[in-house]
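Below is one structure; the comments refer to it alone.
The values are calculated or read from the model by the stated rules, or taken from the named source; none is laboratory data. Computed from a prediction, not measured in an experiment: that's the story for all the values here. Virtual Cβ from ideal backbone geometry, glycine too; neighbours counted across all protein chains shown. Just the protein is used for accessible areas: all its heavy atoms, side chains included, with ligands, DNA and RNA removed. Shrake-Rupley method; radii C 1.70, N 1.55, O 1.52, S 1.80 Å.
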Amino acid sequence: MKLFRYLIGIMAVVTLVGCEFPEEEKKDYPELTNIVDTLWYSYDQKNFIYYDIEYAETTGTMKGYKDQERTEEVSNRAFSYTFTPATEQYDAIVELAFDDGQRYGGILIPKGNFQINNQDVYFIQLYEINDKGNIIYDDNGDIKSTILMWKE
């Protein structure tokens, strides 16, 4: 009887392996060659703040709101930035310098790699950096501060 159960189990596995599942269609999205006149979103889970980040020519603003509907503004920070488009060897680079001196650097992740609310989005992942461009770590060896932003 045990042998019979093993044979049934093996047949079930072989049958499942033999099934073909339809391949998911890979979508092709345009590459961002600049971020001028774009609006990005972010959320601070620690402080429960919703952010809108707007990029102009070389400057921008990061406005924080108390709620998702953006009814009550709780912060407003100006920054200057540089954007270096991606090449075949390197990802696109974004560097921000807030007016208070805090600096961040990181990369733009192309659309199609991540989703928010079942929608493909572009991501910018930034890490707080020092004057030499090195990531700043806290006393425990963890990255001191990050900003993750996205846009559809």
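The table for this structure:
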| item | result |
| --- | --- |
| Set D142, D138: member being in contact with a Lys or Arg (Cβ under 6 Å, 6 or more places away or on another chain) and open to solvent by 50 Å² or more (accessible area, probe 1.4 Å) | D138 |
| Filter pass, I109 being open to solvent by less than 70 Å² (accessible area, probe 1.4 Å), modelled with pLDDT under 95 and closer than 21 Å to I135 by Cα | yes |
| Criterion (within 14 Å of I35 (Cα to Cα) and loosely packed, with under 14 Cβ neighbours inside 10 Å) met by exactly one of T71, T82 | T82 |
